[in-house]
Amino acid sequence: MAPEELSLLMRALAFAAHKHRDQRRKDLGASPYINHPIALADVLVNEAGVTDVEVIAAALLHDTMEDTETTAEELDQAFGSRVRRIVEEVSDDQTLEKQERKRMQILHAPQLSNHARLVKLSDKICNLRDVVGCPPRGWNLQRRQAYFDWSKKVIDGLRGPNPELEGIFDEVYKSRPQ
Ligand code: ZN
């Protein structure tokens with residue numbers, strides 16, 4: 001890996017850790033939020049063999065616009081337009097109601113660029129694993145099942161270019177709570 005690529009990755013990790021520093025996941029143990037973006041990067045690199053550092057950086061940064069005060073301009077300046085665009089593509093419009101945002105993810109999935117698809121696939125893989133392994137507080141069976149079903153609808157809309165990650169998603173989907 002070239003020094004600039006390693007530098008980009010470490011800057012993205014440090015930036016995301018800083019932006020998410022006061023946030024916790026919704027699981028029982030309230031794990032540090034940054035564990036989630038790190039898990040996406042781990043899936044991309046170590047399970048799917050992705051080597052495009054800008055995609056991996058975008059995975060590390062994927063929730064910064066949606067869940068922190070980070071702006072597109074900030075990402076553009078720090079990481080370049082390609083990383084910024086991928087993060088923008090996978091970010092929900094926070095001005096919409098939650099149910100509408102979820103509906104839009106299904107509608108928008110077929111329009112995502114391939115790089116955004118990689119990030120979206122790894123995000124859904126990690127979220128489903130969390131729902132099984134360390135579920136959010138207060139989620140009953142029905143809610144966990146509904147989350148699996150919605151995630152599958154999103155992924156079904158972006159299938160094709162990434163059979164390896166799609167296969168990993170399908171494996172995880174088999175653990176749908178019963
Ligand atoms: Zn995420």
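The values are calculated or read from the model by the stated rules, or taken from the named source; none is laboratory data. Note that the coordinates shown come from a computational prediction; the quantities given were computed from them, not determined experimentally. Note that each Cβ is placed from the backbone with ideal geometry, even for glycine, and that neighbours are counted across all protein chains shown. Side chains included, ligands, DNA and RNA excluded: accessible areas come from the protein's heavy atoms. Shrake-Rupley method; radii C 1.70, N 1.55, O 1.52, S 1.80 Å.
I want to check the label-to-label distance for C134 and D170. Put each point 7 Å from Cα in the C-beta direction and report it in nm to one decimal.
If labels sit at C134 and D170, their model points lie 3.0 nm apart.
Let me make sure I get this right: for the range 1-42, a, b and c are the square roots of the gyration tensor eigenvalues over alpha carbons, sorted descending. Under 1.5 in a/c it's rounded, otherwise prolate if a/b > b/c, else oblate. Which is it? Can you show the working numbers first?
On the way: a/c = 5.41, a/b = 2.23, b/c = 2.42.
Oblate is the answer for the range 1-42, as a/c is 1.5 or above yet b/c matches or exceeds a/b.
Calculate the translational D of the chain in whole µm² s⁻¹ from Stokes-Einstein, where the hydrodynamic radius comes from the Kirkwood formula applied to all Cα pairs, the temperature is 25 °C and the viscosity 0.890 mPa s. It would help to have the intermediate numbers written out before the result.
On the way: Rh = 16.5 Å.
For these conditions, the coefficient is 149 µm²/s.
For the range 3-173, what is the accessible area per residue in Å², given a 1.4 Å probe and the full set of protein chains?
Ligands and nucleic acids excluded, the figure is 50 Å² per residue.
How would F15, F148 line up by accessible area, probe 1.4 Å, largest first?
On the way: F15 40, F148 0 Å².
Solvent-accessible surface, decreasing: F15, F148.
Rounded to the nearest 10 degrees, what's the angle between the helix 163-173 long axis and the longest principal axis of the chain, both from Cα atoms, 0 to 90?
Taking Cα atoms only, the helix is inclined about 40 degrees.
Give me the number: length gained by fully extending Q145 to R24, i.e. 0.36 nm times residue separation minus the C-alpha to C-alpha distance, one decimal in nm. Numbers along the way, then the final one.
Numbers: separation 121, 0.36 × 121 = 43.56 nm, distance 2.30 nm.
Value of the extension gain: 41.3 nm.
Using alpha carbons only, how many degrees (0 to 90, rounded to 10) separate the axis of helix 141-156 from the longest principal axis of the chain?
Here the helix axis deviates by roughly 50 degrees.
Round to the nearest 10 and report in Å² the accessible area of T70, as given by a 1.4 Å probe over the protein chains' heavy atoms.
Approximately 10 Å² for this residue.
Run the numbers on the range 3-173 and let me know its relative contact order in percent, using alpha-carbon pairs under 8 Å that are six or more apart.
Numbers: 180 pairs, mean separation 40.1, N = 171.
Normalised by residue count, the contact order of the range 3-173 is 23 percent.
In square nanometres and to one decimal, what's the mean projected area of the convex hull around the Cα atoms of the range 134-176? The partial results should precede the final answer.
Working: hull surface 13.0 nm².
Taking the Cα atoms of the range 134-176, their convex hull projects to 3.2 nm² on average.
Divide by every residue of the chain the summed helix terms, -39500 (n - 2.57) for each DSSP H run of at least 4, and state the resulting mean residue ellipticity at 222 nm, rounded to the nearest 500 deg cm²/dmol. Can you show the working numbers first?
Values: 10 runs with 114 residues, N = 178.
It comes out at -19500 deg cm²/dmol, rounded to the nearest 500.
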